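Here's the structure we're looking at; comments come further down.
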Amino acid sequence: MARQTKPKIGDFEKSLKELETIVVRMEEGDQSLEASLKDFERGMALAQICRSSLDAAEQKVQTLIEKNGALQAEPFEPED
């Protein structure tokens, strides 16, 4: 069974930047089908890395929002 490792700091930013590059390249539509499929496969892997990083960050934030000895999850509402 494969052992999952925690995402490293910086993996999110690096993965997101690479994913953005792949999206731009695919949107241009100048690639062969084979190249597009490889980019799609890599993009899916990068999206999973980003999702794992975000999930880990969310867990850490929820742990830090401890009130009165009980975990209180609070929704994030960004300012405009």
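Only the coordinates and a few stated rules stand behind these numbers; no lab work does. None of these values were measured; they are calculated from a predicted model. No Cβ is skipped: glycine too gets one built from the backbone with ideal geometry, and neighbour counts run over all protein chains shown.
Quick one: net charge around Lys17, please, counting Lys, Arg +1 and Asp, Glu -1 for every other residue with C-beta under 14 Å from its C-beta. If you can, show how the numbers build up before the last one.
Numbers: positive: Lys14, Arg25, Arg42; negative: Asp11, Glu13, Glu18, Glu20.
After counting each charged neighbour, the total is -1.
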Separation of the Asp30 and Lys14 label points, Cα + 7 Å toward Cβ, nm: 2.8
